[in-house]
Amino acid sequence: MNPRREFLKTSAKVATMTSLASLGILGFNACDSKDSLESKDSKAQDTQDSAESTMRESITNEASQISRKGKSMQTITLNNGVQMPILGYGVYQISDHKECQRCVEDAMAVGYRSIDTAQAYFNEEAVGAAIKASGIKREELFITTKLWISDVTQERAFKAFETSRKKLGLDYVDLYLIHQPFNDIYGAWRAMSKLYQEGLIKAIGVSNFYPDRIADFCLNNEVKPALNQIECNPLHAQFEAQEILQEYGVTMESWAPFGEGRNNMFYHPTLAAVGKKHDKSIAQVILRWLVQRNIIVIPKTTRKERMSENFNIFDFSLDEEDMKTIAALDDKQSLFFNHRDPAMVKMLNELRR
(Lines give C-alpha, C1' and ligand atoms only; values in the text may rest on other atoms or scores of the structure.)
Protein backbone atom coordinates (compact mmCIF):
# COMPACT_ATOMS: atom_id res chain seq x y z
CA MET A 1 0.00 0.00 0.00
CA ASN A 2 1.12 3.56 -0.73
CA PRO A 3 2.70 4.90 2.50
CA ARG A 4 0.87 8.20 2.25
CA ARG A 5 -2.50 6.52 1.82
CA GLU A 6 -1.82 4.14 4.70
CA PHE A 7 -0.74 7.07 6.87
CA LEU A 8 -3.92 8.99 6.19
CA LYS A 9 -6.12 5.96 6.89
CA THR A 10 -4.46 5.29 10.23
CA SER A 11 -4.16 8.90 11.38
CA ALA A 12 -7.30 8.85 13.50
CA LYS A 13 -5.93 6.00 15.61
CA VAL A 14 -2.51 7.59 15.85
CA ALA A 15 -4.03 10.90 16.97
CA THR A 16 -5.46 9.28 20.07
CA MET A 17 -1.96 8.18 21.07
CA THR A 18 0.07 11.26 20.31
CA SER A 19 -0.79 14.71 19.02
CA LEU A 20 2.38 14.91 16.96
CA ALA A 21 1.28 12.08 14.73
CA SER A 22 -2.21 13.29 13.90
CA LEU A 23 -2.93 14.63 10.44
CA GLY A 24 -4.02 17.89 11.96
CA ILE A 25 -0.54 18.05 13.46
CA LEU A 26 0.92 17.29 10.07
CA GLY A 27 -0.81 20.30 8.64
CA PHE A 28 -2.68 18.56 5.82
CA ASN A 29 -4.91 21.64 5.71
CA ALA A 30 -7.00 20.79 8.74
CA CYS A 31 -10.30 22.42 7.82
CA ASP A 32 -12.29 21.48 10.84
CA SER A 33 -15.53 21.72 12.79
CA LYS A 34 -17.21 20.47 15.95
CA ASP A 35 -17.57 17.08 14.24
CA SER A 36 -14.46 15.80 16.01
CA LEU A 37 -16.28 16.22 19.32
CA GLU A 38 -19.42 14.28 18.34
CA SER A 39 -20.21 10.79 19.58
CA LYS A 40 -19.85 7.73 17.37
CA ASP A 41 -23.62 7.44 17.17
CA SER A 42 -23.94 11.00 15.92
CA LYS A 43 -21.27 10.45 13.30
CA ALA A 44 -22.92 7.29 12.12
CA GLN A 45 -26.18 9.15 11.71
CA ASP A 46 -24.34 11.95 9.92
CA THR A 47 -23.07 9.62 7.22
CA GLN A 48 -26.45 8.21 6.26
CA ASP A 49 -27.11 8.64 2.55
CA SER A 50 -29.44 11.23 1.13
CA ALA A 51 -31.50 10.19 -1.88
CA GLU A 52 -29.45 11.15 -4.90
CA SER A 53 -32.37 12.38 -6.98
CA THR A 54 -33.66 14.56 -4.16
CA MET A 55 -30.22 16.01 -3.59
CA ARG A 56 -29.72 16.93 -7.23
CA GLU A 57 -33.06 18.71 -7.33
CA SER A 58 -32.44 20.51 -4.04
CA ILE A 59 -29.10 22.06 -4.99
CA THR A 60 -30.60 24.62 -7.34
CA ASN A 61 -33.67 25.18 -5.16
CA GLU A 62 -31.74 25.80 -1.93
CA ALA A 63 -29.21 28.05 -3.66
CA SER A 64 -32.06 30.21 -4.98
CA GLN A 65 -33.66 30.28 -1.52
CA ILE A 66 -30.40 31.56 -0.07
CA SER A 67 -30.37 34.30 -2.68
CA ARG A 68 -33.97 35.25 -1.84
CA LYS A 69 -33.10 35.50 1.84
CA GLY A 70 -30.56 38.17 0.97
CA LYS A 71 -27.43 36.24 1.86
CA SER A 72 -24.49 37.14 -0.32
CA MET A 73 -20.99 35.75 -0.60
CA GLN A 74 -18.11 38.17 -0.26
CA THR A 75 -15.08 37.71 -2.47
CA ILE A 76 -11.39 38.49 -2.27
CA THR A 77 -9.50 39.75 -5.31
CA LEU A 78 -6.23 37.85 -5.67
CA ASN A 79 -3.11 39.62 -6.91
CA ASN A 80 -3.80 38.56 -10.50
CA GLY A 81 -7.35 39.89 -10.51
CA VAL A 82 -9.08 36.54 -9.93
CA GLN A 83 -12.09 36.70 -7.61
CA MET A 84 -12.22 34.04 -4.86
CA PRO A 85 -15.08 33.50 -2.38
CA ILE A 86 -13.99 34.46 1.12
CA LEU A 87 -15.81 31.43 2.55
CA GLY A 88 -15.36 27.93 1.16
CA TYR A 89 -15.84 24.31 2.13
CA GLY A 90 -12.90 22.00 2.93
CA VAL A 91 -12.90 18.22 2.53
CA TYR A 92 -9.89 17.24 4.61
CA GLN A 93 -10.24 13.82 6.29
CA ILE A 94 -13.31 12.83 4.25
CA SER A 95 -11.63 10.04 2.30
CA ASP A 96 -14.68 7.81 1.77
CA HIS A 97 -15.86 8.50 -1.79
CA LYS A 98 -19.60 8.25 -1.13
CA GLU A 99 -19.53 10.36 2.01
CA CYS A 100 -17.29 13.00 0.45
CA GLN A 101 -19.53 13.32 -2.59
CA ARG A 102 -22.56 13.65 -0.34
CA CYS A 103 -20.85 16.31 1.78
CA VAL A 104 -19.81 18.40 -1.22
CA GLU A 105 -23.31 18.12 -2.70
CA ASP A 106 -24.73 19.26 0.64
CA ALA A 107 -22.29 22.17 0.77
CA MET A 108 -23.20 23.32 -2.72
CA ALA A 109 -26.89 23.00 -1.87
CA VAL A 110 -26.34 25.30 1.10
CA GLY A 111 -24.65 27.83 -1.19
CA TYR A 112 -20.91 27.15 -1.09
CA ARG A 113 -19.19 27.59 -4.42
CA SER A 114 -15.56 27.30 -3.30
CA ILE A 115 -14.36 23.75 -2.57
CA ASP A 116 -10.91 22.97 -1.18
CA THR A 117 -9.34 19.53 -1.72
CA ALA A 118 -5.83 18.13 -2.23
CA GLN A 119 -3.89 15.32 -3.83
CA ALA A 120 -3.07 14.06 -0.32
CA TYR A 121 -6.72 13.86 0.74
CA PHE A 122 -7.50 11.06 -1.74
CA ASN A 123 -10.94 12.49 -2.49
CA GLU A 124 -10.52 14.55 -5.66
CA GLU A 125 -12.63 12.04 -7.61
CA ALA A 126 -15.47 12.38 -5.10
CA VAL A 127 -15.32 16.16 -5.38
CA GLY A 128 -15.41 15.81 -9.15
CA ALA A 129 -18.44 13.52 -8.95
CA ALA A 130 -20.26 16.05 -6.77
CA ILE A 131 -19.47 18.86 -9.19
CA LYS A 132 -20.82 16.81 -12.08
CA ALA A 133 -23.98 15.85 -10.19
CA SER A 134 -24.67 19.42 -9.09
CA GLY A 135 -25.43 20.84 -12.51
CA ILE A 136 -23.91 24.14 -11.36
CA LYS A 137 -22.18 26.11 -14.12
CA ARG A 138 -18.41 25.70 -14.04
CA GLU A 139 -17.80 29.44 -13.99
CA GLU A 140 -19.78 29.71 -10.74
CA LEU A 141 -17.41 27.33 -8.93
CA PHE A 142 -13.98 27.91 -7.45
CA ILE A 143 -12.01 24.67 -7.04
CA THR A 144 -8.71 24.41 -5.16
CA THR A 145 -6.38 21.42 -5.01
CA LYS A 146 -2.78 20.94 -3.91
CA LEU A 147 0.49 19.31 -4.94
CA TRP A 148 2.00 16.88 -2.43
CA ILE A 149 5.71 16.79 -1.44
CA SER A 150 6.57 13.68 -3.46
CA ASP A 151 5.61 15.48 -6.68
CA VAL A 152 7.13 18.86 -5.84
CA THR A 153 9.63 18.90 -8.71
CA GLN A 154 9.43 20.53 -12.11
CA GLU A 155 9.00 17.25 -13.97
CA ARG A 156 6.59 15.51 -11.60
CA ALA A 157 4.38 18.55 -11.00
CA PHE A 158 3.08 18.47 -14.58
CA LYS A 159 1.93 14.85 -14.28
CA ALA A 160 0.52 15.30 -10.78
CA PHE A 161 -1.53 18.30 -11.85
CA GLU A 162 -2.92 16.48 -14.86
CA THR A 163 -3.90 13.54 -12.65
CA SER A 164 -5.69 15.86 -10.21
CA ARG A 165 -7.43 17.75 -13.02
CA LYS A 166 -8.76 14.52 -14.55
CA LYS A 167 -9.94 13.20 -11.18
CA LEU A 168 -11.82 16.44 -10.66
CA GLY A 169 -13.24 16.20 -14.18
CA LEU A 170 -12.35 19.81 -14.94
CA ASP A 171 -10.92 21.66 -17.91
CA TYR A 172 -9.05 23.94 -15.53
CA VAL A 173 -8.41 24.36 -11.79
CA ASP A 174 -9.09 27.71 -10.14
CA LEU A 175 -6.30 27.52 -7.55
CA TYR A 176 -3.35 25.12 -7.32
CA LEU A 177 -1.10 25.17 -4.26
CA ILE A 178 2.22 23.68 -3.21
CA HIS A 179 0.94 21.86 -0.13
CA GLN A 180 4.11 21.87 1.99
CA PRO A 181 7.31 24.00 1.78
CA PHE A 182 9.59 21.03 1.02
CA ASN A 183 11.39 19.33 -1.90
CA ASP A 184 12.11 21.30 -5.09
CA ILE A 185 9.59 24.09 -4.57
CA TYR A 186 11.26 26.30 -7.18
CA GLY A 187 11.19 23.59 -9.84
CA ALA A 188 7.54 22.83 -9.10
CA TRP A 189 6.75 26.53 -9.22
CA ARG A 190 8.23 26.81 -12.71
CA ALA A 191 5.92 23.99 -13.84
CA MET A 192 2.92 25.56 -12.12
CA SER A 193 3.74 28.95 -13.65
CA LYS A 194 3.73 27.37 -17.11
CA LEU A 195 0.36 25.71 -16.46
CA TYR A 196 -0.93 29.05 -15.18
CA GLN A 197 0.28 30.87 -18.30
CA GLU A 198 -1.42 28.21 -20.44
CA GLY A 199 -4.72 28.84 -18.69
CA LEU A 200 -5.02 25.42 -17.07
CA ILE A 201 -4.80 27.08 -13.65
CA LYS A 202 -6.41 30.43 -12.87
CA ALA A 203 -4.17 31.20 -9.89
CA ILE A 204 -1.23 29.50 -8.16
CA GLY A 205 -0.12 29.71 -4.57
CA VAL A 206 1.43 27.94 -1.62
CA SER A 207 0.48 26.45 1.72
CA ASN A 208 2.27 26.32 5.08
CA PHE A 209 4.96 28.80 3.99
CA TYR A 210 6.39 30.86 6.84
CA PRO A 211 6.99 34.63 6.33
CA ASP A 212 10.68 34.24 5.46
CA ARG A 213 9.86 31.64 2.78
CA ILE A 214 7.13 33.86 1.35
CA ALA A 215 9.51 36.82 1.14
CA ASP A 216 12.14 34.70 -0.61
CA PHE A 217 9.58 33.22 -2.99
CA CYS A 218 8.13 36.59 -3.95
CA LEU A 219 11.54 38.19 -4.45
CA ASN A 220 12.86 35.39 -6.65
CA ASN A 221 9.92 34.39 -8.85
CA GLU A 222 8.40 36.23 -11.77
CA VAL A 223 4.93 34.91 -10.91
CA LYS A 224 4.13 35.76 -7.29
CA PRO A 225 2.02 33.40 -5.17
CA ALA A 226 -1.59 34.54 -5.18
CA LEU A 227 -2.30 32.99 -1.79
CA ASN A 228 -0.73 31.30 1.23
CA GLN A 229 -2.90 28.83 3.13
CA ILE A 230 -1.73 28.61 6.75
CA GLU A 231 -2.96 27.70 10.20
CA CYS A 232 -4.92 30.60 11.67
CA ASN A 233 -7.48 30.76 14.48
CA PRO A 234 -8.17 32.94 17.54
CA LEU A 235 -5.51 31.17 19.60
CA HIS A 236 -2.91 31.44 16.83
CA ALA A 237 -3.89 34.64 15.09
CA GLN A 238 -0.87 35.04 12.76
CA PHE A 239 -0.94 38.85 12.78
CA GLU A 240 2.75 39.17 11.90
CA ALA A 241 2.44 36.63 9.08
CA GLN A 242 -0.52 38.52 7.65
CA GLU A 243 1.47 41.77 7.65
CA ILE A 244 4.23 40.15 5.58
CA LEU A 245 1.71 38.62 3.19
CA GLN A 246 0.06 42.00 2.74
CA GLU A 247 3.44 43.60 2.07
CA TYR A 248 3.96 41.23 -0.86
CA GLY A 249 0.37 41.26 -2.06
CA VAL A 250 -0.34 37.64 -1.12
CA THR A 251 -3.80 36.72 0.15
CA MET A 252 -4.02 34.82 3.43
CA GLU A 253 -6.22 31.76 3.82
CA SER A 254 -6.89 29.96 7.09
CA TRP A 255 -6.80 26.22 7.63
CA ALA A 256 -8.04 24.94 10.98
CA PRO A 257 -10.08 28.09 11.70
CA PHE A 258 -11.56 26.28 14.71
CA GLY A 259 -8.27 24.64 15.71
CA GLU A 260 -10.03 21.27 15.46
CA GLY A 261 -11.61 22.14 18.79
CA ARG A 262 -8.26 22.05 20.57
CA ASN A 263 -7.76 23.98 23.82
CA ASN A 264 -11.53 23.85 24.37
CA MET A 265 -12.06 26.40 21.60
CA PHE A 266 -15.73 25.53 21.01
CA TYR A 267 -16.45 26.29 24.67
CA HIS A 268 -14.13 29.25 25.19
CA PRO A 269 -15.87 31.71 27.57
CA THR A 270 -14.59 34.81 25.76
CA LEU A 271 -15.79 33.59 22.38
CA ALA A 272 -19.08 32.47 23.95
CA ALA A 273 -19.63 35.97 25.39
CA VAL A 274 -19.09 37.59 21.99
CA GLY A 275 -21.43 35.03 20.44
CA LYS A 276 -24.14 35.75 23.02
CA LYS A 277 -23.84 39.46 22.29
CA HIS A 278 -24.65 38.87 18.61
CA ASP A 279 -26.91 35.82 19.06
CA LYS A 280 -24.39 33.75 17.11
CA SER A 281 -22.49 30.52 17.76
CA ILE A 282 -18.80 30.41 18.65
CA ALA A 283 -18.10 28.93 15.22
CA GLN A 284 -19.86 31.84 13.52
CA VAL A 285 -17.97 34.35 15.66
CA ILE A 286 -14.62 32.78 14.73
CA LEU A 287 -15.40 32.76 11.02
CA ARG A 288 -16.68 36.31 11.14
CA TRP A 289 -13.55 37.45 12.98
CA LEU A 290 -11.37 35.95 10.25
CA VAL A 291 -13.50 37.28 7.40
CA GLN A 292 -13.35 40.81 8.84
CA ARG A 293 -9.56 40.48 8.76
CA ASN A 294 -9.88 39.73 5.02
CA ILE A 295 -8.76 36.15 5.56
CA ILE A 296 -10.30 33.42 3.42
CA VAL A 297 -11.74 30.54 5.46
CA ILE A 298 -12.52 26.93 4.53
CA PRO A 299 -14.19 25.22 7.51
CA LYS A 300 -15.05 21.54 7.28
CA THR A 301 -18.05 19.75 8.67
CA THR A 302 -19.91 16.64 7.56
CA ARG A 303 -23.24 17.93 8.91
CA LYS A 304 -25.45 19.92 6.60
CA GLU A 305 -26.93 21.95 9.46
CA ARG A 306 -23.45 23.08 10.45
CA MET A 307 -22.62 23.91 6.84
CA SER A 308 -25.61 26.26 6.95
CA GLU A 309 -24.51 27.65 10.32
CA ASN A 310 -21.00 28.35 9.03
CA PHE A 311 -22.42 29.93 5.88
CA ASN A 312 -24.63 32.30 7.87
CA ILE A 313 -21.97 34.84 8.84
CA PHE A 314 -22.72 37.70 6.48
CA ASP A 315 -25.69 39.15 8.35
CA PHE A 316 -23.76 40.57 11.31
CA SER A 317 -20.49 42.32 12.09
CA LEU A 318 -18.13 42.33 15.03
CA ASP A 319 -17.38 45.78 16.39
CA GLU A 320 -13.92 47.09 17.19
CA GLU A 321 -14.18 45.98 20.79
CA ASP A 322 -15.11 42.45 19.71
CA MET A 323 -12.19 42.28 17.32
CA LYS A 324 -9.74 43.42 20.00
CA THR A 325 -11.18 41.05 22.59
CA ILE A 326 -10.70 38.06 20.31
CA ALA A 327 -7.26 39.26 19.18
CA ALA A 328 -6.14 39.23 22.82
CA LEU A 329 -6.58 35.44 22.87
CA ASP A 330 -3.56 34.99 20.59
CA ASP A 331 -0.67 33.21 22.31
CA LYS A 332 1.43 33.05 19.12
CA GLN A 333 1.76 29.28 19.33
CA SER A 334 0.66 26.70 16.79
CA LEU A 335 -1.99 24.28 18.00
CA PHE A 336 -0.42 21.65 15.76
CA PHE A 337 3.29 21.65 14.93
CA ASN A 338 6.34 23.49 13.64
CA HIS A 339 7.39 23.10 10.00
CA ARG A 340 10.92 24.00 11.09
CA ASP A 341 11.19 21.01 13.42
CA PRO A 342 13.73 18.66 11.73
CA ALA A 343 11.86 15.59 12.98
CA MET A 344 8.62 16.83 11.45
CA VAL A 345 10.33 17.73 8.18
CA LYS A 346 11.76 14.23 8.03
CA MET A 347 8.40 12.62 8.81
CA LEU A 348 6.57 14.55 6.12
CA ASN A 349 9.21 13.85 3.50
CA GLU A 350 9.36 10.15 4.30
CA LEU A 351 5.66 9.79 3.53
CA ARG A 352 6.57 9.79 -0.18
CA ARG A 353 8.77 6.66 0.06
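On average, how much area does the Cα convex hull of the stretch 256-331 cover when viewed from any direction, in nm²?
If you wrap the Cα atoms of the stretch 256-331 in a convex hull and average its projections, you get 4.9 nm².
Sequence-distant or interchain residues sharing an amide H contact under 5 Å with THR75, placed H: which?
Those lying under 5 Å, H to H, from THR75 are ILE86.
Just the accessible area for GLU125, please: 1.4 Å probe, Å², rounded to the nearest 10?
110
When the solvent-accessible surface of protein heavy atoms is calculated with a 1.4 angstrom probe, in what order do GLU155, GLU320 fall, highest first?
From most exposed to least exposed: GLU155, GLU320.
Any chance you could list the semi-axes, whole Å, largest first, of the equivalent ellipsoid that the Cα gyration tensor gives for the stretch 106-180, using √(5λ)?
23, 11, 10
Would you mind checking which residues have amide H under 5 Å from ILE178's amide H? H placed 1.01 Å from N; only 5 or more apart, or other chain.
LEU147, GLY205, VAL206, SER207
Under the Karplus relation 6.51 cos²θ - 1.76 cosθ + 1.60, θ = phi - 60°, what is the ordered set of whole-Hz ³J(HN,Hα) values for the stretch 268-277, x standing for Gly and Pro?
Once rounded to whole Hz, the list reads 5, x, 5, 5, 5, 5, 5, x, 4, 4.
Can you pull the Kirkwood radius for the stretch 143-226, inverse mean 1/r over Cα pairs, to one decimal in Å?
The answer is 12.5 Å.
When the convex hull of the Cα atoms of the stretch 197-279 is projected onto a plane and the area is averaged over all directions, what value comes out in nm²?
So the mean shadow area of the Cα hull is 7.4 nm².
In sequence order, what are the phi-derived ³J(HN,Hα) couplings for the stretch 239-255 according to the Karplus relation 6.51 cos²θ - 1.76 cosθ + 1.60 with θ = phi - 60°, rounded to whole Hz, with x for glycine and proline?
After applying 6.51 cos²θ - 1.76 cosθ + 1.60, I find 5, 5, 4, 5, 4, 5, 4, 5, 4, 9, x, 9, 6, 9, 10, 9, 9 Hz.
For VAL173, enumerate residues with amide H under 5 Å from its amide H, sequence gap 5+ or separate chain, H modeled in the peptide plane.
It is ILE201, LYS202, by chain and number.
With the alpha-carbon atoms as the only input, what is the per residue convex hull volume for the stretch 192-337 in Å³?
Once divided by residue count, the hull of the stretch 192-337 is 130 Å³.
So what does log10 I(q)/I(0) come out to for the stretch 79-225 at q = 0.11, 0.16 Å⁻¹, using the Debye formula with one equal point on every Cα and no solvent?
Here log10 of I(q) over I(0) equals -0.39, -0.82.
I need the phi-derived Karplus couplings for the stretch 195-211: 6.51 cos²θ - 1.76 cosθ + 1.60, θ = phi - 60°, integer Hz, Gly and Pro marked x.
With coefficients 6.51, -1.76 and 1.60, one gets 5, 5, 5, 7, x, 7, 10, 7, 7, 10, x, 9, 9, 6, 8, 6, x Hz.
The values are calculated or read from the model by the stated rules, or taken from the named source; none is laboratory data. Nothing here was measured: the structure is a model prediction, and the numbers come from that model. With ligands, DNA and RNA removed, areas are computed over all heavy atoms of the protein, side chains included. Shrake-Rupley method; radii C 1.70, N 1.55, O 1.52, S 1.80 Å.
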